[in-house]
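The values are calculated or read from the model by the stated rules, or taken from the named source; none is laboratory data. Keep in mind that what you see is a predicted model, and the values were worked out from it rather than measured. Ideal geometry is used to build each Cβ from the backbone, glycine not excepted, and the neighbour counts take in all protein chains shown. Quick note on the areas: whole protein, heavy atoms, side chains included, nothing else; ligands and nucleic acids left out. Shrake-Rupley method; radii C 1.70, N 1.55, O 1.52, S 1.80 Å.
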Amino acid sequence: WQPAADSPDQLECYRRTEIKLARFGTDLNLSARLSTVQDRRGRLQSFALTRVDRSGVRLQRSGQYDAAERRFLVTEVRTGSRDVSARPVSGDVWSPILALWMPATVGPQQRRVTTPVFFPESTGVAGLVSEYRAGTFLRLEGTRVPVERLNFYPDGDPSRLTTLLFDATGRVLQQEKRVFGGVLKIIRSTADEALAASLDSVDVDAQSLIPMDGNLGRTNIRRTIELLMTVSEGGIDEPPSSPGQTVRRLTGTDIQVTLHVPDPARRLQ
């Protein structure tokens, strides 16, 4: 980020995302570039998004906040078409580049805040709850560094929780989220280091399948198996549906998983 050229009270921010994913061997890679103009509190003024999916389809979307009309004027360019539409909002909304503003929203004196955030990918607004947690230590390059903790999640769904670890200046050093039975950690680095890293794609279906132990019996007749995932307290992460399982949330602590024989035609789609 950098101060905006025409207004020192605003910030010009840029984020580049490169995702390497697979689904039963099918390439689901995604590349996206997002730039925003926002004030120093994080309130979004404008954005420009470019996204390219695995098939090469390019989406270009930009938006400008109209404070008088309480709306974003959104321009969307796809292959061979250009559309302009208005997205009403109830008032000020905050930038989706959360790490620049979220650490300043909570602290020992204000431990829980709900903030409306505008997401250019969906052109919709969602309330994000941020909660302050006691400090801890993070080991960086062999050194124990004191950090503050903040949890955030969509309003009404605490099971989709993400943790930010940040230093005394508000700079986010690490992001953590529980997925696929483990913890996904996003660690602060330079852009060159991140883009130069050689990593294998994550197969989301293979990682999310529910393991079964023991002899189920008569599997040549049984086409589906119903499982109930539950915890006694707290939230529970929701594994994604796949050709071999269907997932349905029952409550904040209960998830129903139906294992079934994958449809060969569906796997080829």
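The residues 230, 17, sorted by heavy-atom accessible surface at 1.4 Å with ligands and nucleic acids left out, run 230, 17 from largest to smallest.
Leaving ligands, DNA and RNA out of it, rank 101, 94, 1 by accessible area with a 1.4 Å probe, largest first. All intermediate terms of the calculation are to be shown ahead of the outcome.
Numbers: 101 5, 94 40, 1 170 Å².
Highest to lowest solvent-accessible surface, that is 1, 94, 101.
In percent, rounded to a whole number, the relative contact order of segment 76-166 is 19, using alpha-carbon pairs under 8 Å and six or more apart. Compute, for residue 81, the solvent-accessible surface of its heavy atoms (probe 1.4 Å) with the complete set of protein chains present, and express it in square angstrom to the nearest 10. Probe radius 1.4 Å; accessible area of residue 81 about 50 Å².
Along the axis of the charge dipole computed for segment 96-191 (Cβ charges of +1 for Lys and Arg, -1 for Asp and Glu, origin at the Cα centre), the listed residues 135, 124, 164 are led at the positive end by 135. Residue 112 contributes about 140 Å² of solvent-accessible surface, heavy atoms of the protein only, 1.4 Å probe. Ordered from highest to lowest accessible area with the whole protein assembly present and a 1.4 Å probe, 18, 141 read as 141, 18.
Ligands, DNA and RNA aside, residue 225 has an accessible area near 40 Å² when probed at 1.4 Å.
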